[in-house]
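The structure appears right after this line, and notes come after that.
The values are calculated or read from the model by the stated rules, or taken from the named source; none is laboratory data. Here the structure is a predicted model, which is why all the values come from computation and not from measurement. FYI the Cβ positions are ideal-geometry reconstructions off the backbone, even for glycines, and counts take in every protein chain you see. To get the accessible areas, we keep the full protein, side chains included, count just its heavy atoms, and leave off ligands, DNA and RNA. Shrake-Rupley method; radii C 1.70, N 1.55, O 1.52, S 1.80 Å.
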Amino acid sequence: MKQRLITGIIAGVVFLGLCLLGGLPYHLIVLAMAMIGYYEFVRMTKVSPFGGTALLGYLGVLMFVFPWNLLDISFPLSWDHAIWLLMFLFMLATVITKNKIGIQHAAMLFLGAVYVGVGFSYIAGSRNAPDGNGLFWTFLLLVSIWASDAGAYFVGKWIGKNKLWPAISPNKTIEGALGGVVISMITAVVFSLLSGGILSFGRALAIGLACAVAGQLGDLIQSAYKRVYGIKDSGTLLPGHGGILDRCDSWIIVFPFVHIMMLMPY
């Protein structure tokens, strides 16, 4: 617990400090996290993290998260075209290698590139929101996610009796999950009250609900992957916490989700 606490404080200070700074430094730390996250994903799937096919995935993640706008560079493709091209290259790799790279491995590496790359691209992009309130929106989502995690943990410890999904995550309870939803929604409402009109009460409730539900599903998705491959943590970068994907599994689902659901006002 001591190691976990020290690591959490140091990592939190560095990340939140760069988030406050914003701009290129923040975007670059998110890009670094994305590249490490994809490395962890590839290792988790038992594929060489530096093999030729995996390199396609790194290029895909780089393409998604690269700070194009901040460097005033026009991205040459639309997102749907970029995703299709990346898929085509992965499938082509199975042909070029005469199935030494099987379609299952190619599919997993492609899935990981989209899962990690698109998720972190929204984390970076939210900080640079065109309405000029990117710091507010980023903190709103992060704090709501953390509130959901803390609420689920403590409520589950306090009154949790009914298992939520024991085959995937045996320690999670239905009571804890509901507690996380309530705490996340309360947290978002507090942001609304302090926002000076930026965030309406109704939108705050919807964002809090989305952060809790999508965040807990993101956690379960990562748990499901790790169970399939028989590992406890995705990596060892953060002592006491695991890897980047262990810490950001909720983030890379929540940030795209709230945008797709048009809960963010831009």
Worksheet entry | Single unsatisfied condition, C19 versus (1) out of contact with any Ser or Thr (no Cβ under 8 Å at 6 or more places or on another chain); (2) surrounded by 13 or more Cβ atoms within 10 Å (Cβ to Cβ); (3) in contact (Cβ under 8 Å) with a residue 40 or more places away in the chain | (1)
Worksheet, complete the sentence: Scanning the range 154-184 residue by residue, the ones that are open to solvent by 70 Å² or more (accessible area, probe 1.4 Å), out of contact with any Lys or Arg (no Cβ under 9 Å at 6 or more places or on another chain) and either in contact (Cβ under 8 Å) with a residue 40 or more places away in the chain or under 21 Å from W251 (Cβ atoms) (or both) total 2
Response to the item:
Of the residues in the range 39-94, those that are within 22 Å of the chain's Cα centre (by Cα), open to solvent by 60 Å² or more (accessible area, probe 1.4 Å), of a type in the set (A, V, I, L, M) and farther than 30 Å from R227 by Cβ come to L70
Item to complete: Run down A147, A107, A124 and say which single residue is farther than 26 Å from F50 by Cβ and among the hydrophobic types (A, V, I, L, M, F, W, C).
Response: A147
